[in-house]
Amino acid sequence: MSKKLKIRLLPNGEIQMETHGVKGKKCLDYIEILKKLVDAKITDTKLTEEYYETESEITTEENAEIRIDQ
């Protein structure tokens with residue numbers, strides 16, 4: 001699944017952002033990036049189910065490189 005950001009600019013100047021395809025605490029990194037880009041103050045954070053999921057860090061290529069010599 002690809003990682004996506006959904007950003008909404010509201011008429012009152014508020015910015016809403018949702019992450020999709022970002023598992024675990026990595027989504028919080030995107031909040032910090034947006035905060036720095038637009039010099040924004042974070043007033044509310046709502047965590048989705050994806051926050052509580054884990055993302056596999058090991059790729060198939062990395063698995064192929066693991067060998068046990070006996």
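The values are calculated or read from the model by the stated rules, or taken from the named source; none is laboratory data. Predicted model only: the values in this text are computed from it and were never measured. Every residue, glycine among them, receives a Cβ derived from its backbone with ideal geometry; neighbour counts consider all protein chains shown.
Observations on the structure shown:
- Taken over region 26-35, the residue count meeting the criterion of being under 11 Å from the mean Cα position of the chain (by Cα) and over 15 Å from R8 (Cβ atoms) is 6.
- Residues (surrounded by 12 or more Cβ atoms within 10 Å (Cβ to Cβ) and either within 10 Å of the chain's Cα centre (by Cα) or modelled with pLDDT of 85 or more (or both)) located in region 36-70: E50, Y51
- Close pairs (9 angstrom Cβ cut-off, 6 or more residues apart or separate chains): touching a residue at least 24 places away in the same chain (Cβ under 8 Å) in region 27-40, in a helix (DSSP H, G or I) and acidic (D, E) anywhere: C27/E50
- Yes/no for K6 being surrounded by fewer than 10 Cβ atoms within 10 Å (Cβ to Cβ), assigned to a loop (DSSP other than H, G, I, E, B) and modelled with pLDDT of 85 or more: no
- Residue in region 9-35 that is surrounded by the most Cβ atoms within 10 Å (Cβ to Cβ), counting only those that are assigned to a loop (DSSP other than H, G, I, E, B) and of a type in the set (A, V, I, L, M, F, W, C): V22
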